[in-house]
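Any read-out appearing in this document is the output of simple, stated calculations on the displayed coordinates, not a laboratory observation. Note that the structure is predicted; figures quoted are calculated from it, not measured. All Cβ positions, even for glycine, are placed from backbone atoms using ideal geometry, and neighbour counts span all protein chains on display.
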Amino acid sequence: MSDTVEVNVAGRLMLLLTKQGLLANRCLSIYRSAVNAAVLKQLQLTGENYVCVEKLIDRELALLEVALSERAAQRARGPSAVDVGTDVVPAEPASPAAQNDIAQDDAGKPAHARRDPRASSGYVPEVKSMEDKLRDERTPIQALLREDCVQVGLIDPEEAKRLVLGMSGKSSQQAEQDIVERLRQRLQDQVKSFIRRAKGGPWSDPRTQEDLRKDIHTARSVRSVLMLSRQVLKEYQTWEAENRSGGILGLFSSRKRTVQR
């Protein structure tokens, strides 16, 4: 069945990378291996159930597309074309005759009106303040808090607003450390509550529970915690479909809200 997963991933991944302009075979090989490994791991965690293969692949490719788009956006905000890795074609130097014509033409003009033979090609680098740069760094994390983290029930809209406001004046790394700690604790509490309500559910094995606890503890970014939260929900959905007992509302019942899928 791993061959089936690999075949399904390969074609769709090729379309995604082509859309992103990543045509190198090395990129395809690296991302294909990563997506295959992520899908197969989750299939193993759900008891080797292949009913949800397409949904798992959809999710992993969606996460990859978001990550690639964010990286492209960050490169586009670089201070110069060299920093973003684009090919820069140097301007051809003026011929000696042309330089002589410029010198003769400028000879009778005042100094401030003379043309500088070293004049720039017209590119004016955008100069951003430190606060603008920090704001740009925080934007992807703030989007995850307002949308994705609220959708999976890690936080509610009001808490998302408070966390976003609390990031003001901080670098993305500084702000993310405190937020990740809070999200990890919230996810850990939700998992414990779910295990009690479902009498173990898909995590009835103590070793599986310990592995999940370690995964949550080692998450170091908002995106990592978010992916773990989605994984928990997906595992529960698969378990519920197989056992047809309970409901997904039990996982987040303390919030009195329905998890959006």
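What the table below lists for this structure:
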item	result
Proxy reagent accessibility, fewest Cβ within 10 Å first, across 15, 145	15, 145
Radius 12 Å from Cβ of residue 177, net charge of other residues (Lys, Arg +1; Asp, Glu -1)	+1
Calculated FRET value between residue 27 and residue 205, using beta carbons and R₀ = 45 Å, to 0.05	0.75
Stretch gain in nm, segment residue 243-residue 62, where the contour uses 0.36 nm per residue and the Cα spacing is subtracted	62.3 nm
Formal net charge of residues neighbouring residue 61 (Cβ-Cβ distance under 13 Å; K, R +1; D, E -1)	+1
Residue 6 versus residue 54: modelled label distance in nm, points set 7 Å from Cα along the beta carbon direction	2.3
